Amino acid sequence: MNYLKEVVILLLGPYLILLCRRVSGEQISGKGVINLAHRRSKWTPLMQTSANLSDITSIRSFFEFRTLDPEGAVFYGDTKEGQDWFVLSLRDGIPEMQIGKADILVSVKGGRKLNDGAWHLLEVRSEGKFVVLEVNNNVELIVGLHSKLAEDELTGKIRLALGGMLVDKQKLFHPFEPEMDACIRGGHWLNLSTPWDADSTWEPLPCFSEIKKGSYFPGTGVAMFNTSDLPGLKTEEAGITVEIFGSWTGTTLSLQSTGFEYVLRELEGNKDVKEVQLGLKEGSESVAPPYEHATLTFTILKHSLVVNSKPELETESLDFFSMWKNGMLLTFGGMPGDSEEAKNTHYLRGCLEKILIQGQVIDLDWALYKHTAVSSHSCPTEAMNELT
């Protein structure tokens, strides 16, 4: 088998998994709509399969793709147990293809931005020694690759994977963040019908029919950060500011450190007047809540914590600047852990349209941990507006 056919197989084959949904157990097959966002490990693929190269007869694939996410892995394929590999991703919303083969590493980025929240028809095909990407029937990216190394006819299997890679990320020519909040529908994938394998814990989640920018919390799960990895202090007078824009109810955020705990949450048993409780292990206070389409400003000063310009906690015994620098746990959407208090948390439900820390936009894909039900880059335009 010549090299071109191998590249086309690597490029087109993985699309087979994109419109699959669970049939039974861990086997996935068939067409439908699939959400790429909800996987449990950063680089481990959402699902994968393998097929004999001799079964490949088609070299054309097309599908609809929608995202607001600027960066992430779409699909991966390899032969020779990962010696030759291919991955398609987005970077800055623009398609990027990386190929590793023999003595060659190639990274090519080009075409229009795809992370505008609209459905785009993508087609990938071979034309001689070139691989062509079309978007909405317009050619956007052409990649040619040729190796001078002599090759035997390629036999064996091709491995395909969705939303991750089956080789070490160190092999990438141009590293990227793999998480991809996207949906795919209406695809035609080569000629294979091989079932795909997913982790036994994976559960398919719906794609919303219409989306807007933001991070969606469905009332289950949190996103956790180590503050030492986040923007730090600029001046003591200004402190460290966390700004949240959006519409939500439930626990907004919490801070944890040794011997210290702080929680902004909706008080139980009061659905008419929503309040925010600021809790320490030794006591708590209440302030006016964020209403719908709210802006919440949470400021950390050296010895005090401030919500919407109102001081809520003052203590000379704690240096919050040092605690932030050394590493506290900042959790959006609830409280971490398995304690009874955490289990009884009213998890955040709603859309955080933007989170700023020290004026810098925070991407939930940077989190130490993010629950699979939390969407990093898209919110439904209506609370339960889902594709079925």
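The values are calculated or read from the model by the stated rules, or taken from the named source; none is laboratory data. All values derive from a computational prediction rather than experimental measurement. In this analysis, Cβ positions are derived from the backbone assuming ideal geometry, glycine residues included, and neighbour counts consider all displayed protein chains. Just so you know, the surface numbers come from the protein's heavy atoms only, side chains and all, with ligands and any DNA or RNA stripped out. Shrake-Rupley method; radii C 1.70, N 1.55, O 1.52, S 1.80 Å.
For the stretch 308-334, the set of residues classified as at pLDDT 90 or above and assigned to a strand (DSSP E or B) consists of Leu329, Leu330, Thr331, Phe332, listed by residue number. Tell me which residues, restricted to the stretch 154-199, are closer than 26 Å to Asp363 by Cα, assigned to a strand (DSSP E or B) and open to solvent by 20 Å² or more (accessible area, probe 1.4 Å). Of everything in the stretch 154-199, just one residue is closer than 26 Å to Asp363 by Cα, assigned to a strand (DSSP E or B) and open to solvent by 20 Å² or more (accessible area, probe 1.4 Å), namely Arg185. Condition check: more than 25 Å from the chain's Cα centre (by Cα) and either at positive phi or at pLDDT 90 or above (or both). Does Gly269 satisfy that? It is true that Gly269 is more than 25 Å from the chain's Cα centre (by Cα) and either at positive phi or at pLDDT 90 or above (or both). Restricting attention to the stretch 305-328, which residues are free of Cβ contacts under 8 Å to residues at least 40 places away in the same chain and among the polar types (S, T, N, Q)? Hits for the stretch 305-328 are Asn308, Ser309, Thr315, Ser317, Ser322.
Ala182 satisfies every condition listed in (1) aliphatic (A, V, I, L, M); (2) at pLDDT 90 or above; (3) over 25 Å from Ile59 (Cα atoms) except (3). Restricting the stretch 125-153 to residues that are under 29 Å from the mean Cα position of the chain (by Cα), among the charged types (D, E, K, R) and open to solvent by 30 Å² or more (accessible area, probe 1.4 Å), the residue that is modelled with the lowest pLDDT is Arg125.
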